[in-house]
1. Considering only Cα-Cα distances, which of the following residue pairs are longer than 25 Å: 227/471; 358/385; 70/385?
2. Within the chain, what's the longest stretch lacking GluC sites (Glu not before Pro) that sit in DSSP loops with no more than 15 other Cβ atoms inside 10 Å?
3. Dipole size in debye (nearest 20) for the chain around its Cα centre, Lys and Arg Cβ +1, Asp and Glu Cβ -1?
4. Looking at the stretch 83-192, which trypsin sites (Lys or Arg not before Pro) are in a loop (DSSP not H, G, I, E or B) and have at most 16 other Cβ atoms within 10 Å?
5. Between residue 304 and residue 369, what length in nm is gained on full extension when 0.36 nm per residue of separation is reduced by their alpha carbon distance?
6. Hey, with R₀ at 30 Å, roughly what FRET efficiency would residue 148 and residue 406 work out to, going by the Cβ-Cβ distance, to 0.05?
7. Please arrange 6, 190 by how many other C-beta atoms lie within 10 Å of their C-beta, fewest to most.
8. Averaging sequence separations of C-alpha pairs under 8 Å and six or more residues apart, then dividing by the length of the stretch 370-452, give the relative contact order as a whole percent.
Amino acid sequence: LRSHGTVKYPKSLPSLPVIGSLLHLGNHLPPHILFCNLQKKYGKLYSFKMGSHYVVVVNNYEDAREVLLKKGKTFAGRPRTVTTDILTRDAKDIAFADYSPTWKFHRKLVHSSLSMFGEGTVAIEQIISREAASLCQTLSTFQAIPFNMEPEITRAITNVVCALCFNTRYRRGDAEFQSMLSYSKGIVDTVAKDSLVDIFPWLQIFPNKDLDILRNSVRCRDQLLLKKLKEHEAAFCSETVNDLVDALLKAKLSMENNNSNLSHDVGLTEDHILMTVGDIFGAGVETTSTVLKWTIAYLMHYPEVQKKIQEELDVKVGFGRYPLLSDRKILHYLEATIAEVLRIRPVSPLLIPHVAMKDTSIGEYTIPKEARVVINLWSMHHDEKEWVHPENFNPDRFLDENGHRVYSPSQSYLPFGAGIRVCLGEALAKMEVFLFLSWVLQRFTLEVPEGEPLPSLEGKFGVVLQVKPFKVTAKLRDVWNNIDIAT
Ligand code: HEM
Ligand code: PLO
């Protein structure tokens, strides 16, 4: 440890070239696993230099909670990185924007608009259920034919976000949806390619193929977003606010009417509106569809878990009605399964890096202003002191002895982060994952097709922890052959 009088800094890795070579040579370990393994040598809290940046890695819940909750505001900054600056026109969005009045204002605006269009109310339940019904309809056309569920899951989830942002939806094969799929893949593959920690700052100096793909994909996305914005402007009527774009336009117009400079000061420019919608749209699609794919992959490996979910559905919901959001209170095993998926394969295993906005501390260690703080959720969710056999998939961890859902069996569990930078879509995501899974599993049993391998559970690290593609068969459950299906 480096100590200067009473000042004690976290143990430091020798130098960046070490990290660089570790990443290259360390069996190509993804950063969350590498950072987890480095604890053995450097302890739970350690640091390294990345070019001129000082990075601190937190691997335990005590320190993570201090950063996110106790000192949430101090650590609410965000770093700028080359790729996210391209994505967000220099951080004019929410997720990658530094702590500022503009960030605060947009977060509030989006939060209230999402609730206005029904988060937690009947409207959003209807939107999700409509897409769940449509997904089930599509699945029934695949009867017993092995297929990759990814495009249909993505379309269903995209349609929910489309309804909230633009008040539209896509049909199968829609050209605009296809182009969205392709630009989004381009962004996911290249933005923060080796994690948002910007492991390879040299990207900046040597523009390469990935940066071209990113720029082209972002250009396509921005064209689409701009088109939506112009359509909304043309049809705008302040009396009927139908979606997020309307809500942002209304806020902008009302500010411009009151004081022509205010909308610029607070960051309600066209750029800000486009980037904010881009964030919600991107986060809304990539995260939720990833959780659904992980859940299905685990259900393939653990058919007994799928069976238990179905038995619970049969007893508590039956076959005479659709699953409803209010069933979350009684479908404990399904809720526990979702919680366990978010533990074992967190969508965002390193969160988004935080930045110390002033000199501060974590535990007994001094943290200088501008330090980047990476919270390693993977270490927290796989901590052997907190979880029995953490690599085992076991929904029962989230149930008490009466089979009721335990909100959080350990403090070492924060799939959505916590504090003032907590995920903005947590409530929405939980509703979607619950409704889609309950609708699908009420009707279908998902199986590994004959001759196909089990899905890989390894994961592919990037801006989200992705599942590798796999095939399933969706078999209509026997009981439905004798019942008039109400989809
Ligand atoms: C941020 C997880 C779904 C919008 C985050 C963070 C995590 C997370 C870990 C970073 C927190 C931090 O840096 O401390 C998840 C998971 C999801 C999910 C596990 C699905 C199960 C969504 C959805 C939306 C959304 C559906 C949009 C509707 C956002 C936004 C931020 C964020 C805007 C940035 C917040 C900020 O920096 O102020 N999410 N998310 N997320 N999420 Fe989610
Ligand atoms: C996903 C690809 C989109 O085209 C753009 C986009 C916007 C917001 C990002 C999201 C991507 C990935 C997941 C992120 C989200 C903001 C918050 C969320 C990083 C890059 C998480 C899980 O932290």
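Values in this text are rule-based calculations from the coordinates and carry no lab data. Nothing here was measured: the structure is a model prediction, and the numbers come from that model. Quick reminder, even Gly has a Cβ in these numbers, built from the backbone with ideal geometry, and neighbours come from all protein chains shown.
1. Numbers: 227/471 35 Å; 358/385 32 Å; 70/385 23 Å.
Listed pairs above 25 Å: 227/471; 358/385.
2. Values: sites that count: 239, 364, 370, 384, 391, 401, 450, 458.
For GluC sites (Glu not before Pro) (loop position, at most 15 other Cβ atoms within 10 Å), the longest site-free span of the chain is 1-238.
3. Working: 57 positive and 56 negative charges, 211 e Å.
Rounded to the nearest 20 debye, it is 1020 debye.
4. Working: sites: 89, 92, 104, 107, 108, 130, 155, 169, 171, 172, 185; in loops: 89, 92, 169, 171, 172.
Qualifying residues, ordered by number: 89, 171, 172.
5. Working: separation 65, 0.36 × 65 = 23.40 nm, distance 5.02 nm.
That pair, residue 304 and residue 369, stretches by 18.4 nm at full extension.
6. On the way: r = 34 Å, r/R0 = 1.14.
That pair, residue 148 with residue 406, gives E of 0.30.
7. Details: 6 7, 190 25.
Ranking 6, 190 by Cβ neighbours within 10 Å, fewest first, gives 6, 190.
8. Numbers: 30 pairs, mean separation 16.4, N = 83.
Here the relative contact order equals 20 percent.
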